[in-house]
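Comments concern the structure below.
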Ligand SMILES: Cc1ncc(COP(=O)(O)O)c(C=O)c1O
């Protein structure tokens, strides 16, 4: 990593200290921004970005849901993402594409009526989020997951993450590592920034797309890997009690990778240790991220 970091802003590489916006920027005042979270890894043949095209595609879908017209093509954002990782000489990194109304002013609908959408892409050294030896102790949140009647669980809208933040803070204040959110109907949805899986009698189970979840790219990768390893996979609604009585549970996400859960509301998951299926999936996924699995090489874009 070089000392001088650069952020890609609307087509230009800008020194980090110059990559600023006005304090009255619409997206700062009203959380009207959208974002993506992508990672690069030090892989077998060099630095590689994991599932770049899928992340960029989700970024554009989020923009569409938000009524925001990004002034770039997906190809341009893919190229810019590669450039920013390269320019900052990164290996293991977190990449943050961000779409925002960069205009100043507090008129709520003005930037949407007269759009001036900006895109920034930052990348910085990153190891892993939430990693905890021995697994996570989780709490079912008193906050419910947003539904499509409020915001959009399928989009990475900045505004969604106030709910995620409240749930995380509540869990941490109560002495837990992370929150799990239910939907208004009481079904399990996901963590504040992670999808959730459980293992029950050998079957790998995760909530379906209709359960107010973000369609995680890690979730998709883990489903693929689980099937390839010969496990039965079900995408179906999960009740809270099923989480209390399952054999294994884990979160998935770009930042957390695959993170085991060892208790939920003080009920041990299985015997309270990291389960064998969780371990196998985690190991395989970790190898896939780092170019050590030939069959998943297609997920990597070398920079
Ligand atoms: C709310 C939410 N759910 C799930 C995920 C996991 O998605 P992915 O695996 O694409 O990072 C994230 C992270 O992006 C998230 O913010």
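Every number in this text was worked out from the coordinates using simple rules, so none of it is lab data. Nothing here was measured: the structure is a model prediction, and the numbers come from that model. For neighbour counting, all protein chains shown are included, and Cβ atoms are generated from backbone atoms with ideal geometry for every residue, glycine included.
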Report the label-to-label distance for residue 162 and residue 185 in nanometres (one decimal), using points 7 Å from each Cα along the Cα→Cβ vector.
-> 2.7 nm
Calculated [θ] (222 nm, deg cm²/dmol) that DSSP helices of n ≥ 4 give over the chain, each run adding -39,500 (n - 2.57) = -8000 deg cm²/dmol
Using only the Cα atoms of the chain, build the gyration tensor, take square roots of its eigenvalues as a ≥ b ≥ c, and label the shape rounded, prolate or oblate: rounded if a/c is under 1.5, else prolate if a/b is larger than b/c, else oblate.
-> oblate
With the contact rule set at Cα under 8 Å and sequence spacing of 6 or more, what percent relative contact order holds for the chain?
-> 20 percent
Given the Cα-Cα distance of residue 110 and residue 42 and 0.36 nm per residue of separation, how much length would full extension add, in nm?
-> 20.2 nm
Mean Cβ neighbour count within 10 Å, used as a protection proxy, ranking 253-260, 20-27 highest first = 253-260, 20-27
From fewest to most C-beta neighbours within 10 Å, the residues 133, 139 line up as 133, 139
Is the shape of the stretch 151-278 best called rounded, prolate or oblate, per the rule: a/c under 1.5 gives rounded, else a/b larger than b/c gives prolate, else oblate, with a ≥ b ≥ c the square roots of the Cα gyration tensor eigenvalues?
-> oblate
Whole-angstrom gap from the stretch 118-191 to the stretch 222-298, using each part's C-alpha centre = 18 Å
Under a plain spin-label model, where a point goes 7 Å from the Cα along Cα-to-Cβ, how far apart in nm are residue 298 and residue 18?
-> 4.3 nm
How far is helix 276-289 tilted, in degrees, relative to the longest principal axis of the Cα atoms in the chain, given as a value from 0 to 90 rounded to the nearest 10?
-> 30 degrees
Among beta bridges assigned by DSSP with both residues in the stretch 136-289, the antiparallel ones amount in percent, to the nearest 5, to 65 percent
Can you tell me the relative contact order of the stretch 36-106? Whole percent, Cα pairs under 8 Å, sequence separation 6 or more.
-> 46 percent
Footprinting exposure proxy for 68, 215 (fewest neighbouring C-beta atoms within 10 Å first) = 215, 68
